[in-house]
Amino acid sequence: MVYLLDTNILLLSLISTSFDVRFRETYKRSSNDFIISVVTEGELKSLAFQRRWGEAKQNDLQRTLEKLIIFPIKIQSVIDAYARIDAFSQGKLADMALTHGLSSRNMGKNDLWIAATAHVTGATLITADKDFGHLSPYFLKLEQVDVQAYL
């Protein structure tokens, strides 16, 4: 199985040993591949600056990134998926209306890139937040992690 990790999952793994151990127990199997969007790499490096991570923590981040497949966004299929997902989220995609019970919403631009990457790669997106719920199952497969259960 291929999983695309949302930024919050990697951040939690880097800052919480108990989360990291439980997450690995749940998802790390030899048959599983983990990928991230290049957007997640940028977000994590920005957070490292913002939170003034020391050399050891930055080295942990770099080692973690080196173990992952980092998927670029400058690929036409990702750009097209971004546009469709954004229009869908706004309730303005002509050939695909929001389903009953869903209302239009503004997604963060980085979340749109991450969702588009999951869509194009066919990876199951693992996240700790609810920002992607309206996209499943139309654009991506989604697994939401209950953070409290992992701590």
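General observations
- Tally, over segment 73-106, of residues that are at pLDDT 95 or above and either at positive phi or not in a helix (DSSP H, G or I) (or both): 3
- Criterion: more than 22 Å from residue 142 (Cα to Cα), touching a helix residue (DSSP H, G or I) at 6+ places or on another chain (Cβ under 7 Å) and in a helix (DSSP H, G or I) - qualifying residue of 20, 60: 60
- Considering the conditions (1) of a type in the set (S, T, N, Q); (2) surrounded by fewer than 21 Cβ atoms within 10 Å (Cβ to Cβ); (3) closer than 18 Å to residue 7 by Cβ, residue 127 is excluded by exactly one of them, (2).
- Considering segment 51-67, and only residues there that are closer than 18 Å to residue 126 by Cβ and without any contact (Cβ under 8 Å) to a residue 40 or more places away in the chain, the residue that is surrounded by the most Cβ atoms within 10 Å (Cβ to Cβ) turns out to be 65.
- Residue 78 falls short on exactly one of the conditions (1) out of contact with any His (no Cβ under 9 Å at 6 or more places or on another chain); (2) closer than 18 Å to residue 4 by Cα; (3) of a type outside the set (Gly, Ala, Ser), and that condition is (1).
- From 93, 98, residue being surrounded by 15 or more Cβ atoms within 10 Å (Cβ to Cβ), free of Cβ contacts under 8 Å to residues at least 12 places away in the same chain and more than 23 Å from residue 12 (Cα to Cα): 93
- Residue 147, sole failed condition from (1) within 21 Å of residue 13 (Cα to Cα); (2) among the aliphatic types (A, V, I, L, M); (3) touching a strand residue (DSSP E or B) at 6+ places or on another chain (Cβ under 7 Å): (3)
- In segment 46-65 there is no residue matching the filter, namely being within 18 Å of the chain's Cα centre (by Cα) and acidic (Asp, Glu).
- The criterion of being part of a helix (DSSP H, G or I), surrounded by 12 or more Cβ atoms within 10 Å (Cβ to Cβ), free of Cβ contacts under 8 Å to residues at least 12 places away in the same chain and not basic (Lys, Arg) does not hold for residue 48.
- Test result for residue 3, within 12 Å of residue 150 (Cβ to Cβ), hydroxyl-bearing (Ser, Thr, Tyr) and touching a residue at least 24 places away in the same chain (Cβ under 8 Å): no
- Some residue of segment 134-150 being modelled with pLDDT of 95 or more, of a type in the set (Phe, Trp, Tyr) and not in a helix (DSSP H, G or I): yes
The values are calculated or read from the model by the stated rules, or taken from the named source; none is laboratory data. Given the structure is predicted, the values throughout are model-derived calculations rather than measurements. Heads up, the Cβs are rebuilt from the backbone with ideal geometry, glycines too, and the neighbour counts pull from every protein chain shown.
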